[in-house]
1. If contacts are Cα pairs under 8 angstrom and at least 6 residues apart, what is the relative contact order of the chain in percent?
2. Tell me, 87, 312, 388 in order of fewest to most beta-carbon neighbours within 10 Å?
3. What list do you get for 84, 360 if you sort them by fewest beta carbons within 10 Å?
4. Using only DSSP helix segments of four residues or longer, with each worth -39500 (n - 2.57), what per-residue ellipticity at 222 nm results for the chain after dividing by its residue count and rounding to 500?
5. Hey, rough spin-label estimate for residue 199 and residue 302, points 7 angstrom out along Cα→Cβ, what's it come to in nanometres?
6. When the Cα centres of region 169-191 and region 217-288 are compared, how far apart do they sit, in Å?
7. Subtract the Cα-Cα distance of residue 444 and residue 139 from 0.36 nm times their separation in residues, and report this length gain in nm to one decimal.
8. For region 376-453 and region 294-346, compute the distance between their C-alpha centroids and round to whole Å.
Ligand SMILES: Cc1ncc(COP(=O)(O)O)c(C=O)c1O
């Protein structure tokens, strides 16, 4: 029989957890620990028991400015006084136009673009999928292993995540994604797998679009290899295939600039945005040249609230804040600190665990390996993040064995340093054999049937 820490079962959070299990679909949460968020105070999360956690998750990179940014709050307050939303299919609204003008002004390569707003990072990929089909009059798509584009119909089929239960659509073809520092393939041909598929009947002229995250997020916070991106882009241009970047997780300075594609110097045919696009409110947006964006009529793609007033007002306030020189200076300084703290931790050689750091800007991953076997060690990674939760740091894993480091860009220097101290302490504790029953219980729930505990 499992026994929990004194008082653990009496927590208000546990009561909510039990009630949640009775009325909420089990597919709604990926739980690492029983945290019930009550407030987001800048870079600190407060749960309903009054426990405080330094935020290293930023609501899965959807709150890049953390909670309570004064400019965003004021803009939202002003907009709330007037109207939260009024259906955007039958009426126009100014915040929507104002925001689209700002977003298109930062399209890489300064090409003239338009925006299609939606409500999330998932449904926007579905829209991009439909528009790519309509524009190119082609039916097939290319995506990559380890990618995540969302959980609606097309986006989930474009994704490749562990535990997928539905067979993928047959017009979606997945190939190998080369990460930075991966070995160079034979003859330097990064598209060899794709070329093999084309020899077997599929024609490049049937491909509507390639969907790619320039930095894989849920696949492990690992940037793409530059030569791989260059070859892929060249291939797309040669065959009239749209090169569409999924920037849902990495845009808005998460990776150090407006978009993560900026580090590759390529001009995509379309950019998918979500998460921090709405600065705390649900909002998705597909941005591309007008001939792509205008290739379907409203009867097939309009949605009642897409691009609604409140989310656009919040997004504009965040956009203007991020456009300021003072924000960039602050971010550059803090990114250097972040990189050195993460590098320092990854460089330590005192545990049975080896850490490999990847990422850039304010988006890093620490892959956890067993030092003896050199194998990915998701059990230890899980125990570390659970121990962080017990110590007051909110952090999770991606791709099983990768610790996700994505604090708000507004995090204080003190909390950034404190967060890394807690992470190191958690690693020390786990290395010494610490394991709480709660930790083991939640590991079994998170990974049923893989009980190593
Ligand atoms: C790269 C990427 N695309 C799309 C999505 C889906 O966004 P949402 O969960 O907001 O629908 C995510 C979510 O994690 C993501 O990381």
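Each value in this text was obtained by applying a stated rule to the coordinates, not by laboratory testing. Source: prediction; values computed, not measured. Neighbour counts are summed over all protein chains in view; Cβ atoms, including those assigned to glycine, are modelled from backbone coordinates with ideal geometry.
1. Details: 833 pairs, mean separation 103.2, N = 453.
This gives 23 percent for the chain.
2. On the way: 87 13, 312 31, 388 27.
Exposure proxy ranking, most exposed first: 87, 388, 312.
3. On the way: 84 14, 360 19.
Least to most surrounded, the residues fall as 84, 360.
4. Numbers: 15 runs with 170 residues, N = 453.
So the helix-based figure for the chain works out to -11500 deg cm²/dmol.
5. If labels sit at residue 199 and residue 302, their model points lie 5.1 nm apart.
6. Value for the Cα centre distance between the two parts: 17 Å.
7. On the way: separation 305, 0.36 × 305 = 109.80 nm, distance 4.09 nm.
Length gained, residue 444 through residue 139: 105.7 nm.
8. Cα centres, region 376-453 to region 294-346: 27 Å.
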